Amino acid sequence: MTEKQPLYKLIYFNARGRAEHIRYIFAYVGIDYVDERIFKERWPELKKSMPYGMLPVLEIDGKPIAQSNAVARYLARKHNLTGRNEWEAMMCDVLVDTLGDLKQFISQYRTEEDLFKKEEKKMKLLKETIPFYLNKFEQIISENGSYTVGTTTTWADFVFAVALENFENIFGTMALENYPGLRALKKRVHEIPSIVSWLSKRPHTEF
């Protein structure tokens, strides 16, 4: 007897942001879902109804589940996107969480309002923080032949592809010039037919 497919509704702002890697998973696996995009005017009224007052939230048969990476891990486990064994599954988590640390530093720079401090943070990011992390990621991904983990597509590939696209949007297309492995990963993911299809029809947003 075939297992009944749950009804999925992904709730997020009209942006790629912290929901895009979930959308990549849905596209890759071929899962139908409602892509509900909340415009900022509506957010104050909806905020109280969200589990922790934040987005994204995935409704599974009407039950709201918070935290984007928890949602992505659930879908990845369900659809064999966590690698070939427990070790690879753990390495997916390690890389996604470490990338999350870098994204936090970038977010602090982007939200800094003091122009002097913002410039200071930008210089530190470009000279120290970003090279430290990207060199680590570059070594791992180059050794794996454009995969984050092992030699199969995992949800971590999608997290990185989305982040690298945003990274180039923030710092320019030359920002990955010295990281051929990272560029190859992004290119490989964005040439997967189901991802190509998603990219061709997703709403255009800045981030």
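The values are calculated or read from the model by the stated rules, or taken from the named source; none is laboratory data. The model shown is predicted, which means the values in this text are computed figures rather than measured ones. Cβ: placed from backbone, ideal geometry, glycine included. Neighbour counts: every protein chain shown. Quick note on the areas: whole protein, heavy atoms, side chains included, nothing else; ligands and nucleic acids left out. Shrake-Rupley method; radii C 1.70, N 1.55, O 1.52, S 1.80 Å.
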Requested in this report: Using only protein heavy atoms and a 1.4 Å probe, report how much of M91 is accessible, in Å² to the nearest 10.
Outcome: 60 Å²
Requested in this report: Show which aspartates and glutamates lie in cross-link reach of K78 when reach means a straight Cα distance below 13 angstrom and same-chain residues fewer than eight apart are skipped.
Outcome: E3
Query - Area accessible to solvent at I38, 1.4 Å probe radius, in Å² - result: 0 Å²
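Report, in debye and to the nearest 20, how large the dipole of the chain comes out about its Cα centre when Lys and Arg carry +1 and Asp and Glu carry -1 on their Cβ.
Details: 30 positive and 28 negative charges, 64 e Å.
The dipole of the chain has a size of about 300 debye.
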Requested in this report: Would you calculate, for the chain, the mean residue ellipticity at 222 nm contributed by helices, counting each DSSP H stretch of 4 or more residues as -39,500 (n - 2.57) and dividing by all residues, to the nearest 500?
Outcome: -17000 deg cm²/dmol
**Report entry** Per residue accessible area of the chain, 1.4 Å probe, in Å²
**Finding:** 57 Å²
Query - Set K9/K47; K47/K122; K9/K201 screened for pairs whose C-alpha atoms are more than 27 Å apart - result: K47/K122
Query raised in the report: Which FRET efficiency value, to the nearest 0.05, do you get for N80 and S107 by plugging their Cβ-Cβ distance into 1/(1 + (r/R0)^6) with R0 = 35 Å?
Result: 0.65
**Report entry** Straight-distance crosslink candidates among lysines, where the alpha carbon sits under 16 Å from K124 and sequence neighbours closer than 8 are dropped
**Finding:** K103
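Length gain on complete extension for the stretch D61 to E206, per 0.36 nm per residue less the alpha carbon to alpha carbon distance? Working shown, then result.
Values: separation 145, 0.36 × 145 = 52.20 nm, distance 3.06 nm.
Going from the current span to full extension adds 49.1 nm.
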Report task. Would you calculate the separation in nanometres between label points at K48 and I31, each defined as 7 Å from the Cα along the Cα-to-beta-carbon direction? Result -> 3.1 nm
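Is the chain best put as rounded, prolate or oblate by its Cα gyration tensor, with a ≥ b ≥ c the root eigenvalues, rounded for a/c under 1.5, and otherwise prolate when a/b is larger than b/c, oblate when not?
Details: a/c = 1.82, a/b = 1.16, b/c = 1.56.
Taking the square roots of the gyration eigenvalues as a ≥ b ≥ c, the chain is oblate.
Accessible area of the chain with a 1.4 Å probe: how many percent of it is carbon plus sulfur?
Values: 6370 of 11860 Å².
Heavy-atom surface of the chain belonging to carbon and sulfur, 1.4 Å probe: 54 percent.
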